[in-house]
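Asks: Starting off with a structure, shown below.
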Amino acid sequence: MGADHPSAARVYDVLLGGSANFEVDREMAGRMLAAEPQAVRYARANRRFLRRAVDGLLDEGVDQVIDLGSGLPTVGNVHEIVHAVTPDGRVVYVDVDPVAVAFSQQLLAGDERTAVVQADVRDVEAILEDPATRRLIDFDRPVGIVAAAVFHFVEEDPAPILGRFRAAVVPGSYLVLSHLTTPAQMSRETVGVVRRYRESTGSPLTFRSRNQVVDLFAGWELLSPGVVPVDQWSPELEDLEESADLGPVPIWAGVGLRSSV
Ligand SMILES: C[S@@+](CC[C@H](N)C(=O)[O-])C[C@H]1O[C@@H](n2cnc3c(N)ncnc32)[C@H](O)[C@@H]1O
């Protein structure tokens, strides 16, 4: 598979130390890191939040996950987190990027507990009605809807989209979400890097403030500690080797519970 332009998914994979990327992505990541060396820390902090949050869902007995904007099968995949605890857990990966989907399908070939659906997160019905989703996910039991670092690629209001996922799942289900913050809350270096990322990947980015991200949890009971920088979301759940002195990560994170109301 060749690539002429860097893609959002593959540049993120480079930052995470993954190997599912091309020279053009590595060049782009190199330029980003020259301008903002903290970009690696941000990507890894997001990925670690994902792990802590999914571990939390597993602790609550939720063993089926729909991972929206799942990206490349890179370091710390959701199915690995799930299967480490519940070998029969179900994971449906969803991504719009055909390369990410092809890589994921290769990785997961023969694994009957997982599937990869190529779809846009805005096509909620296509995702929910996909035969792979119907085969793997039991909608009579709680489901984890994971939307990590994906909705800043969606310009339209994500709240109604998330509301449609909420309507499809039973009480006891969870929403795990992270989202890039606004330029006002980023360092100058990060703003420059984000702009470059947007220009070279061609992915439009929509920034949302903390309040706007809180609004995405409408209808979900936002769990403690609420919407916070991704590195500050229950860091006590893992051994963090990094110093907090480096400043907050400019990505919001939160977890919501679908209660019975
Ligand atoms: C930064 S990666 C995040 C990967 C993973 N969720 C994580 O947080 O570690 C964002 C992913 O969202 C995907 N994406 C962007 N817009 C999307 C859309 N409208 N529908 C589905 N996936 C999308 C990209 O292809 C990319 O793989």
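Asks: Can you compute the charge dipole magnitude of the chain about its Cα centre, using +1 on each Lys and Arg Cβ and -1 on each Asp and Glu Cβ, nothing else charged? Give it in debye, rounded to the nearest 20. Before the final figure, lay out each step's value.
Replies: On the way: 24 positive and 38 negative charges, 93 e Å.
Computed about the Cα centre, the dipole is about 440 debye.
Asks: Determine the distance separating the Cα centre of the range 171-201 from the Cα centre of the range 12-28; give it in Å without decimals.
Replies: Result: 18 Å between the Cα centres.
Asks: Would you please classify the overall shape of the range 1-151 from the alpha carbon gyration tensor, given that a ≥ b ≥ c denote the square roots of the eigenvalues, rounded means a/c under 1.5, and beyond that prolate means a/b larger than b/c while oblate covers the rest?
Replies: Values: a/c = 2.09, a/b = 1.54, b/c = 1.36.
In terms of gyration-tensor shape, prolate.
Asks: Can you tell which of GLY247, ASN21, ALA109 lies farthest toward the positive end of the dipole of the chain, using +1 and -1 charges on the Cβ of basic and acidic side chains (Lys, Arg; Asp, Glu)?
Replies: Result: GLY247, furthest along the dipole toward the positive end.
Asks: Just check the range 155-261 against the gyration tensor rule for me: Cα atoms, a ≥ b ≥ c as the square roots of the eigenvalues, rounded for a/c under 1.5, and otherwise prolate or oblate depending on whether a/b exceeds b/c. Spell out each step's value before the answer.
Replies: Details: a/c = 2.54, a/b = 1.32, b/c = 1.92.
Taking the square roots of the gyration eigenvalues as a ≥ b ≥ c, the range 155-261 is oblate.
Asks: How many angstrom lie between the C-alpha centres of the range 206-231 and the range 111-156?
Replies: So the two Cα centres are separated by 20 Å.
Asks: Binning every alpha carbon pair distance of the chain at 5 Å from zero, what are the percents per bin?
Replies: Calculated P(r), rounded to whole percents: 1, 6, 14, 19, 21, 18, 13, 7, 2, 0.
Asks: Please name whichever of HIS79, GLY61, VAL191 sits farthest to the positive end of the charge dipole of the chain, dipole taken about the Cα centre and charges placed at Cβ: Lys and Arg +1, Asp and Glu -1.
Replies: VAL191
Asks: Tell me, what is the per residue accessible area of the range 5-72 in Å², probe radius 1.4 Å?
Replies: On the way: 2310 Å² over 68 residues.
Per-residue accessible area for the range 5-72 comes out at 34 Å².
Asks: How large is the helix-only mean residue ellipticity at 222 nm for the chain, computed as the sum of -39500 (n - 2.57) over DSSP H runs with n ≥ 4, divided by its residue count, in deg cm²/dmol to the nearest 500? Working shown, then result.
Replies: Details: 10 runs with 105 residues, N = 261.
Mean residue ellipticity at 222 nm (helix-derived): -12000 deg cm²/dmol.
Asks: Could I ask something else about it? When the accessible area of the chain is split by element with a 1.4 Å probe, what percent falls to carbon and sulfur?
Replies: On the way: 5760 of 11320 Å².
Of the solvent-accessible surface of the chain, carbon and sulfur hold 51 percent.
Asks: Could you point to the residue in ALA132, VAL11, ALA147 farthest towards the positive end of the range 8-257's charge dipole, with +1 and -1 charges on the Cβ of Lys/Arg and Asp/Glu respectively?
Replies: The residue sitting most towards the positive pole is VAL11.
The values are calculated or read from the model by the stated rules, or taken from the named source; none is laboratory data. The structure displayed is predicted, hence computed values, not measured ones. Cβ atoms come from the backbone with ideal geometry, glycine included; neighbour counts cover every protein chain shown. The protein model used for the area step is the full one, side chains on, heavy atoms only, and it has no ligands, DNA or RNA in it. Shrake-Rupley method; radii C 1.70, N 1.55, O 1.52, S 1.80 Å.
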